[in-house]
Amino acid sequence: QGLYSSVVCPGLVMSNMTYRILPVFLWKLLMPIMWLVSGSTAVFVRAPFGRFASSVWLFKQKPEYLDSLVKYHSCTSGLGKCYVEPRKMDVDEDTAEKFYQKLLELEEQ
């Protein structure tokens, strides 16, 4: 039917939703550590607009050329540049096909 589905990951984003996970005083202790770690890992998205990098990038692609077994991650370089990194999901094609068939069965119900 011309419908495509892809998986994106916004990375680790500090927002008002993540603040509710732990008490405020713990976040105040963790924030300096998080900023230090963010310079050495690509999955911590510093810029607020960076969390949408994978979604925006995916929207601009032709879906028929995308790999259905890949998750597209929003990442940030140590210098703060946002980019998208495709990572193969730990699902083989047979399992993916079984999931798809089950989805079609559920849709009929």
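Quick note: the coordinates plus some simple rules give every number you see, no bench work behind them. Values in this document were obtained by computation on a predicted structure and should not be read as measured data.
Can you tell me which lysines have their Cα less than 21 Å from the Cα of Lys81? Leave out same-chain residues fewer than eight positions away. The qualifying lysines are Lys60, Lys71.
Taking amide H positions as modeled 1.01 Å from N, with prolines and chain starts lacking one, the residues under 5 Å from Val70 and 5 or more places away or on another chain are Met89.
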